[in-house]
Structures are given as structure tokens and as C-alpha cells.
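Computed from the coordinates by the stated procedures, all read-outs in this text should not be read as laboratory data. This one's a predicted model, so the numbers in the text were calculated from it and none came from an experiment. Heads up, the Cβs are rebuilt from the backbone with ideal geometry, glycines too, and the neighbour counts pull from every protein chain shown.
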Amino acid sequence: MWSTGATVAIALAYVALLFFIAWRGDRQAAAGRNPLASPWIYALSLAVYCTAWTFYGSVGRAATDGYGFLPIYLGPTLACALGWVVYRKILRIAKIERLTSIADFLASRFGKSAFLGAVVAVVAVVGTVPYIALQLKAVATSFQLLLARDGPSALSYEQLSLSAAAVLALFAILFGTRSVDLTEQHAGLVLAIAFESLVKLVAFLAVGLFVVFGLYEGFGDLFARAAADPALAAMLSRQGASEGAWAWMTFLSLLAFWFLPRQFQVGIVENVDERHLSTSAWLLPLYLLVINVFVLPIALAGRMSPATAGASGDTFVLLLPLSADRAELAVLVFLGGLSAATSMVIVESLAISNMVANDLVLPVLLQRSGSVGGDFRQPLLISRRLAIVAVLLLGHLYAISAGVGASLISIGLVSFAAVAQLAPATLGGLYWAGATRRGALAGLIGGFAVWAYTLPLPSLVATGRLPASFLSEGPLGLSWLRPHALFGLDGLDPLSHSLTWSLLVNVVAFVGVSSLAAPGPVEERQARRFVDVFRYRGEVEVPVWSADAPVASLRALLSRFLGEERTERALQAWADEQGVDLDHMGQAHPELIAFAERLLAGTTGAASARVALASVAQEKTLDVGEVVELLDETSRVIAASRELAEKSQELETASAELRRVNEQLRELDRLKDDFLSTMAHELRTPLTAIRAFAEILHDNPELDTEKRSEFLRVIAKENERLSRLIHDLLDLARLEGKEERMVAEPVDLAEVVADGVAALDQLAASRGVEIEVTAPMGLPPVAGDRDRLIQVVINLVSNAVRFCPAATGHVAVSVQRRRGELLLGVEDNGPGVPPTEREAIFEKFRQIARPVSGRQAGTGLGLAITRRIVARHGGRIWVEDAAEGGALFLVSLPTRAADAPQPIPLLLGA
Amino acid sequence: MIPDRLRSARLVALFLLGALGFNAPPLAGVSLPGTVLGLPLPYVYLFTVWALLILAIALAVRPKRGE
């Protein structure tokens, strides 16, 4: 089918494609188009969680255990639900403190303890090597399966495993260890991982579709045939499934999803934007769901197919297409498995190498080199590269020895259980300020010891290196020490048993030892920075360094780890931000030293950064009391400054409000002045006329009677105008003043209209204007003052009559009902009101110049009074174009009359 | 800050609901030989609860305006 050469060529071509994608990704990031800025890439890279275990092992598990593979993916789904709450906190802290691994995280939280970091690194290495071995085993096995059909393979299992390890080590070194600064993201590497996540998904879906719709006629057919087999039927209905083991696996995988070194690498270190969590929270679980839909069907098909009889379930994914002679599909499956395995190995070895180099190798280097020494960059990079090679070599050795017999999932679960030992200290350290370094160490070491005794150790029995009696009767015949039934806890599966004991010991030791003694000064400080990260955003800073380090020696120290150029850039950025001049600073500020420490931590880890800085700066010997005091002080200062900011914000708002009110008052004042001068002018005009005519009459007694009576008529008319003006002014003053209270009684608007129009009959007849009234029967009453409303009608109708052309004038008065209000309309066929004047005509003394023949002068106050009356009734008045080109005045009045019959004060607002 | 706190509360509630839905009491209850549309009962139950949980998470975490 495929020659060895062709298969190797395909695998190599795929790996070359990965190198190309990673190279492109790095190039893009360098050009300012960082592929990591996409939340989709972030979510896909988190799918590095799905390894060869998922790709091959899930089906293997399902073939013997039905649904047993599923909790491994339900746990991460639950973890994603909590991601925004818990994981975001870890992310925030890691970014502020520049943390680069789970070992670094724990070391930093518990007083920058180098020892704790080293212990975590050891746990991670021991827990991860079998897991890496699992991947190498899967690659080698799938390779052999692909070739086995054409006789014995030219390549042995050992050769395949070793070459896979070598190629992956090369990839991890090339794309993962270029920069000495670990907080820098590996854009290319992560892009390649995201691509691999797509490949494994597509490959698995392809084989799933082929099995369900190619080998069978859909899901129904497959499940129906499986149900015919009693063993499979029992499996499908979860008969006899252990709910306890199920719950433990769910919980375990939740913890693994957060704390596995590679998940920390892609989820925390490679994250560029906190908001990506809100996309990955649903996208990643969706990915997991989709990739799991076909697991059970493939497993059932494998169990039922004669071609795979006797084969391990782990191989079904590859054997089913092979046995159906679907070579191209088999190769796709092989590539999918290769993606799953390689992505895990690359990221995991990178994460582990960082821990090994920073937490195991560097402390020794620092101790050896003393306070003076050369450039640390090369030794650091070299130790990381060597660590990658070493971890992969260990994985390879494990894969060709002990691990071969066990199924993929059982190896993986042992690793998960080891990593779960990191959970109590991490979660506790995140929320409990009282957790101490000693407590974390006790819990971690205790839990890890129990794990080692109950899970990996018994597997030595299977390989014959320990006698079987070790399991059945316990070491030295001590039955209460049996590794699978510790202290008589019998009847659990080994994994649940181990987790119960190890996590119990872990948590009890962690909490118990933590409560024995209070945390030390540095621990106390770090505890606050971690636990209260959302409250203070890393602002809680206790000066732990005294200011006796010369800037020059600080600069020299940083250059040894970061190189001169990078050091200069970082220091300059800090100085610019703080507004200080570094060249004129002889002794470094404590803040500068703290900044240098964090800067260094991104490369060396928190613990080593502290050690390195101690060689140039003096650490203050504060006792816990002083640290707590300082912390409280800073917290108070921060709280006070926040309060101050709030207060000044309030003051600003208040003063803006005052300014606005002042502005308004000035405007009112100006309006009043205008009003007074206009009023004086309006009053003077008739007065002047009266005086002038009176003087004429007085000075010319010889005037004839006709003239006299004409002048007297003018005087009387002007006098009448004057009194009308004064009456209107008083009326307006009453309406604007607060003293006038209107009676609110139910008023029939139709009646009001009839009365108002009747009063104007005379005027209309004298001008030959026709008034038409339309008011339907049975209108609801409005609440108001009857006399005032009649005044409104008279004002509007008399205005209309005055502005109509004489003889052909037509005024239409109507009352209509509209939702919750009555609408009074007064329409004329006069010249209308231009749109620009529609608001102004309601102001005092605003009359628009309209050519009206025989116009009877108004006072200019009628509409102003009308508007105030309407406003006091809770209504509105406005003007529109009438149908015949004249003006249409509309008044709306609410009809809530009956509800409030008692007199209420209808006051005009200020 | 209140919408943020509300979001956290919702997500914690979803976590608890999911933890319950994926585990013993309801899960043991559907561990029966029956089928739904030809698919085994536990299979349908697990994947349905799973899909609903993902949908609920997506609704709960979606960014507020201006974020």
C-alpha cells in the first residue's frame, strides 16, 4: 500500500509544513501583525489539551469502558465555565508579576521560594515524562500500523520513537528558545499548534464520518447493531458504570486543564489579551464536544468488525480505514494522530524545559558564579535547549521500556494525577492570604509521595520488577500498606483510590502546616499581591529593597541576563514613564529595584530574580509586623486616593451644575430686562398718543366739533388699548407668579368652545368671517379651570378672526379625542405662520409682521398667556400649517379629570 | 463593576449546574437501555446537556458593550 519511504516522506512533508507555518507566524509577528491577537487562534491553541490520548486513546477506552472516555472532556468544559472567574485571576497575576510557568507561579506566590520552585519542577518532570512517552509511543505505533500491512517494517519501534523525539526537539528548540525573555510570546509556535488542532479535528471527523456513513448506514444503524450484542448493549446503557470514578475523572481533568505545564504555557504565557478568555470559554468546549461525537461509534464499529478482532482499541481509528482499503483516509488519520502527538510534545517540552532551566539549573549557576560573572544569556538558553533534549530523551526511554504495555489513557491519567497535586497550593494561594510556603511544600511533597506510592509504584509489579505480593499483601506483609488499598480503603479503582488519598493528604498538610505559623514578610507581601490582584491591580508595593544600589551595578546585572540593548530599552521605558532621569540618579530608587526584579523574573523566574538582585542590592530586614503595616498603609493610601478621585469627580459635577444654573439665571435676568423695556415702550405708545391729542384739544379750543369728537374717539380708543394691555400684563404676572391657583374641576371642552365662540360672534360678523365648530358628542371632561379655558378659546379664535381676510374669512374650530387627551384645533385661512416663527410667537410681545388689512392691534401678550394657561393644565400648544394655507393652532389637554376632582395647585415650573 | 460581578455569579452557577448535570444523580437516572431516535439514552443525554451548557456559557461570557 505505502512503502516505508513514501510514509516517511509524507510525515516529513507534514513536519516541514509545520516549520513553515511557525516561520511565517514569527515573520508576521515581527511585521506587527501578530497572529496571536485572534481569540480563535488562542482557543485552538488551548486544544493542545487533545493529544494522541484523545485521538487514539479515547476510542480504546470507549471500546472497553463505553462512556468512560468522556469525563476527560467534561472537566475542561466545567473549567471553561469558571475560566472568567478563576483562570482570569491567574492570568492577571502572571502578567503583572511576569510569571512564566506553574513552578514560577507557586514559587513567587510563596515568598519567591527557590526550593518550592524546584519541587514543583521535579513534580512536573516526573509527572510529564510518561505523558510525553505516550505521545512518542502513539507516533511510533501508528507508523508501524500504516506499514505493517506490507510485511515487516524497515523501521523498528525504537528507531521511530527516537526519530520522532529528535525532530520534535529540533522544532521546540528552533521556535521556542530563540529569546531569553520567557514572557515574550512564541507567535509562530502557537500558530503551528493551532493549525495542528485543526488537522486533528478534521482527521478525526473524517474517519468518524467514514465509519458511521461508510461502513454503516448512519448512527441509528450502527447503534442498533451494537445493541444486538449483549455486552455492547450493557456498555451503551452504562450498566454497572462506577459513578465515583466518573466524578473523580471529571474533577481530575478540570484540574489538569488548568495546571498541566503545557496548558499554562498556551493559556497563560502565550496569552496576549485577557478578553480572549470570553471566546475560548465556549469555543474550546465546542471543539471538545465535536471531536468526541464519533468516539463511541468508532469504538463500537471496531468491536464489531472482524478485521479488528483481537486488536487493541487504541488502534481502531487507524485499523478501520486500513481494513477497508482506504489508504488515503488512513494517511489522513495518521497525520491527525501525528498532529495531536507532536503539538503536545512541543509545548510540553518547552514548558518543562523552562522550569528545569529556571528552577533547577539556574539556582545552582547563580550560587556557583557568585556576585560577579559573565553573561548569563548563553548558559540560560543552552540549559533550556539541553532540558528539551533531556526531557524528550527521557520520554523516549520510557516509551521503549515500561510504558509499552499499558494503554494510552492509563499512562495519561497517572500524569494527570501527579499534576493535580499542584492544585491545592495554587488555588489556595489564589484566594487564601494565610497560606504559607511551608504549608504549600508540605502539601505538595505529601501528596506527591502518596501519588508515587499508589499509582506508578504498583505498575512496577506488572513489569515484574516487584513481586505480586507487594500488591496483594502489602510491603513486608503489612496489609494496611497495600498500594491499592491504603489504610484499608478497599473497593475503589486505583485512580480514584490514589486521588482520594493523595489529595486528602495534600490538602490536610497544606492547610494544617499553613495554620501552624504565620507567613514571613516576603510571603505576606506576595500573598496580598496575588489574593487582592483585582482590587489593587498590582499597585500594592512594599519597598523590600533599600536604596543603596548604584544604578550602574543594577544596569550591569540586568545586562548579564537580558543583554545590554534590551536592558537599556526597558530601563529607558521605565524612566520615561516615571518621569525621572536615570543618568543623574546615583543610587537606585527602591521602585527601580522592584521594577528590575520583575523585569528579571520574566527571564529567570521570580525566585532566581530575587537571588540575583540580592547580589547588588540590600534586602530590607523587615519583620512581618512591619510588612503588614506597610501593606495596610499602601492599601489605605490607594483607597484614600480612589476616594479623593471620586470626591473631586463629584465636586466637578456639582460645579458644572452650578455653572449651568448661573447661566440660566443670567438668561432669565436678561429676558426680564428685555421684557421691562419692551413693556415700557408698549405702554408709552398709547400714552404718547393720548397726551398728544389731549394737548391739541387743550391748545386749540377753536377746533370744530367734528375734529374734536374724532380726537376724543382716538383718545378713548388708545385708553382702551392701554387698559387692555395693563389687564393682560397683570394676567400674565398672575399666571407666572406662584400665587395663582387654578381650580381643577371636570370641564366639558365642547361647551367651553361653544361659549368662547359665542362671545366672538359680534367680532366675526363685523369682519364677515365665518366660524365653523365641530365637536363630537360625549367627549370625556378635562381637568381644569373653565374660565381660563374659555380664555384660551377666545384668544385663539379672536386671533384667527383678526388674521383672516375680511369677507372671505373662514375659521374652523374642532375638538377631537386622541389617546388620553383632547385636541383642540383652531384653523384659519389667513397668511399662516412661517416655520421660523412658530416658536417665537408664543413669547411675550412677539408679533409677526403680517400684512392684515384693518387689523385690530393686539397686545402681543395673548399667545404668551394662552401658552401658560395650557401649560398649567398639563397640556401643550403648537402651530402647524393649515390645509388651506393658513395657520392651525393645536392645543392638547389631558383627560384625567374625573380622577382628581379636588382643586389642586397647578404651578408653572421654575 | 456590578455587571462583572453578575457575570461571575452566572458563570459559577453554570459551573455548578454542569457539575450536577454531568454526574451521578441525573446521569445514573438515564443509564438505561432505552433509545431516543435510535441513539442510546445516556449518549443523547450527555451530549445534549453538554451542548446546552456550552450555549449558556457563550451567552454568559459575551462581552458587554464597550468592552
Spin-label pair B:Ala51/A:Ala694, simplified geometry with 7 Å Cα→Cβ offset, distance in nm: 9.8
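Round to the nearest 0.05 the FRET efficiency obtained for A:Glu843 and A:Val714 when R0 = 35 Å and r is the Cβ-Cβ distance. Numbers along the way, then the final one.
Details: r = 29 Å, r/R0 = 0.84.
The formula returns an efficiency of 0.75 here.
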J(HN,Hα) series, the stretch A:588-600, from Karplus relation 6.51 cos²θ - 1.76 cosθ + 1.60, nearest Hz, glycine and proline x: 6, 4, x, 5, 5, 5, 5, 5, 4, 5, 5, 4, 5
P(r) weight above 24 Å for the stretch A:264-369, C-alpha pairs, percent: 51
Crossing angle, helix A:749-759 versus chain A [Cα axis fit, 0-90 degrees, rounded to tens]: 30
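Over chain A, what relative contact order in percent results from Cα pairs under 8 Å that are six or more residues apart? Each step should come with its number before you reach the end.
Values: 1380 pairs, mean separation 124.8, N = 910.
It rounds to 14 percent for chain A.
For peptide B:4-13, how many partner chain Cβ atoms fall within 10 Å of a residue's Cβ, on average? Before the final figure, lay out the partial values.
Working: counts 2, 0, 0, 3, 5, 1, 3, 8, 5, 1.
Across B:4-13, the average partner-chain Cβ count within 10 Å equals 3.
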Distance between modelled label sites at B:Asp4 and A:Thr808, nm, 7 Å Cα→Cβ extension: 7.4
Per-residue HN-Hα couplings for the stretch A:861-869 [Karplus 6.51, -1.76, 1.60; θ = phi - 60°; Hz; x = Gly/Pro]: 10, x, 6, 5, 5, 4, 4, 5, 5
Hits among aspartates and glutamates - C-alpha to C-alpha of A:Lys707 under 15 Å, sequence gap 8 or more where chains match: A:Glu695, A:Asp699
Hypothetical label at A:Gln367: residues of the stretch A:116-143 whose amide nitrogen lies under 18 Å (7 Å Cα-Cβ projection): A:116-123
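Size of the dipole of the protein assembly as shown about the Cα centre, Lys and Arg at +1 and Asp and Glu at -1 on the beta carbon, nothing else charged, in debye to 20? Don't jump to the answer; show the numbers that get you there.
Numbers: 83 positive and 91 negative charges, 476 e Å.
Rounded to the nearest 20 debye, it is 2280 debye.
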The stretch A:286-341 and the stretch B:28-48: distance between their alpha carbon centers, rounded to Å: 23
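Per 0.36 nm of contour for each residue apart, how much would the distance between A:Leu683 and A:Leu460 grow if the chain were fully extended, relative to their Cα-Cα spacing? Provide the component values of the computation, followed by the final result.
Working: separation 223, 0.36 × 223 = 80.28 nm, distance 11.70 nm.
Roughly 68.6 nm would be gained on extension.
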Candidate aspartates and glutamates - alpha carbon under 17 Å from A:Lys844, same-chain residues fewer than 8 apart omitted: A:Glu667, A:Asp669, A:Asp673, A:Asp674, A:Glu682, A:Asp728, A:Asp731, A:Glu736
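Apply the a/c threshold of 1.5 to the C-alpha gyration tensor of the stretch A:229-291 and tell me whether it is rounded, prolate or oblate. Don't jump to the answer; show the numbers that get you there.
Details: a/c = 3.74, a/b = 2.28, b/c = 1.64.
Note, shape of the stretch A:229-291 comes out prolate.
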Built amide H within the under 5 Å cut-off of B:Asn23, gap 5+: none
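Could you check what % of the DSSP bridge pairs in the stretch A:726-824 are antiparallel, to the nearest 5? Provide the component values of the computation, followed by the final result.
Details: 7 of 12 bridges.
The antiparallel fraction comes to roughly 60 percent.
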Long-range amide H partners of A:His810 with built H, under 5 Å: A:Glu770, A:Asn829
Hz values of 3J(HN,Hα) by residue in the stretch A:54-70 - Karplus curve (6.51, -1.76, 1.60), Gly and Pro given as x: 5, 5, 9, x, 4, 4, x, 5, 5, 5, 9, 10, x, 7, x, 6, 6
Order of A:Tyr431, A:Tyr398 - criterion: other Cβ atoms within 10 Å of each residue's Cβ, fewest first: A:Tyr431, A:Tyr398
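Can you list the equivalent-ellipsoid semi-axes of the stretch A:39-168, largest first and in whole Å, using the square root of 5 times each Cα gyration tensor eigenvalue? It would help to have the intermediate numbers written out before the result.
Values: eigenvalues 244, 90, 37 Å².
Listed largest to smallest, the semi-axes of the stretch A:39-168 are 35, 21, 14 Å.
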The stretch B:33-49 residues near the modelled A:Phe213 label - backbone nitrogen below 20 Å, point 7 Å along Cα→Cβ: B:37-40
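Below 12 angstrom from the Cβ of A:Val125, what's the summed charge of the other residues (Lys, Arg +1; Asp, Glu -1)? Let's see the in-between values first.
Numbers: positive: none; negative: A:Glu348, A:Asp359.
Here the count lands on -2.
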Gap separating the Cα centres of the stretch A:657-687 and the stretch A:742-787, nearest whole Å: 34
Centroid-to-centroid separation of the stretch A:428-457 and the stretch A:87-111 [C-alpha atoms, Å]: 17
Under 5 Å, built H, 5+ apart or other chain: amide partners of A:Trp545: A:Lys620
Percentage relative contact order, chain B, counting C-alpha pairs under 8 Å, at least six apart: 36
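Across peptide A:83-90, what mean number of C-beta atoms from other chains lies inside 10 Å of a residue's C-beta?
Mean number of neighbouring Cβ atoms from other chains: 3.
For A:Val59, A:Val272, which order do you get if you count the other beta carbons within 10 Å of each Cβ and list the fewest first?
Values: A:Val59 31, A:Val272 17.
Listing A:Val59, A:Val272 from fewest to most nearby Cβ atoms yields A:Val272, A:Val59.
Over every pair of different alpha-carbon atoms in the protein assembly as shown, take the mean of 1/r and invert it; report that Kirkwood radius in Å.
Numbers: mean 1/r = 0.0283 Å⁻¹.
Final number for the Kirkwood radius of the protein assembly as shown is 35.4 Å.
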Ellipticity estimate at 222 nm from DSSP helix runs (n ≥ 4, -39,500 (n - 2.57)) divided over chain A, nearest 500: -21000 deg cm²/dmol
